[in-house]
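The values are calculated or read from the model by the stated rules, or taken from the named source; none is laboratory data. From a predicted model like this one, the values you see are computed outputs, not experimental measurements. Every residue, glycine among them, receives a Cβ derived from its backbone with ideal geometry; neighbour counts consider all protein chains shown. In case anyone asks, the SASA skips ligands and DNA or RNA and just uses the protein heavy atoms, side chains included. Shrake-Rupley method; radii C 1.70, N 1.55, O 1.52, S 1.80 Å.
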Amino acid sequence: MNSTPQPPDAEPRTGVTVIRRMGAWEVTMHWPKGTGGTVGPREIHVVPADDADPQEIARGISSTVLRRINTTPSEDFAAMRSLAEAADLEIRELGERLASLPGGLTDERLAVLSALYVHFVDAGERAPAQRLAVAFDLNPATVKGHLRAARQRGFLTKVEGKAGGQLTDKAEQTLRGMKRGAGTEEV
């Protein structure tokens, strides 16, 4: 897991947090921004409810309580739907940006590819590089090579042996600069 679990009373993060009561327990689930509610939550916290029966709490969290937790996101859940719409809009904008960039290994191209890749990873894609290639009509080998270059040049964190990674501060800064209309830097 890439993120550090946080208790339910921690500072709010981007994404959707749902709190449900399950008998004597309060269940908090968090879906990070970008998942769009298409996969289960990234974090689940189960804590005693403030007004719970002390005897129930003393028995601990049973497997029955855990089985009752419904982690399936509901399409009718308004916050999930708006999260998905925001993610779709961001992806469309990134896709349009990618199409407008010249080929080659510019910082901007690597930052945009990295952001799209992280979106597909966060959405639960099993083969995010392949999905990126198909979605934007790119050569799969080229996408993999560009993602490797993005990791080497510090735009995407490394994950050993599996798909994944996060945008670095350098990638975020490059993407912000592009929104302000900064020029490209060819390496």
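I need the full set of residues from region 118-138 which are of a type in the set (Val, Ile, Thr) and over 21 Å from GLY161 (Cβ atoms), in order please.
Result: VAL134, single match.
Being open to solvent by 30 Å² or more (accessible area, probe 1.4 Å) and of a type in the set (Asp, Glu) is the filter here, so list the residues in region 119-143 that pass it.
Once the filter is applied, which keeps residues that are open to solvent by 30 Å² or more (accessible area, probe 1.4 Å) and of a type in the set (Asp, Glu), region 119-143 yields GLU125, ASP137.
What number of residues in region 144-175 are under 15 Å from LEU94 (Cα atoms) and buried (at least 17 other Cβ atoms within 10 Å of the Cβ)?
The qualifying residues number 4.
For region 142-160, which residues satisfy the criterion of being touching a residue at least 24 places away in the same chain (Cβ under 8 Å) and in a helix (DSSP H, G or I)?
VAL143, HIS146, LEU147, ALA149, ALA150
Looking only at helices (runs of 4 or more DSSP H) that lie completely in region 14-118, which have at least 2 residues being open to solvent by less than 50 Å² (accessible area, probe 1.4 Å) and modelled with pLDDT of 80 or more?
The helices (runs of 4 or more DSSP H) meeting that bar are 78-100.
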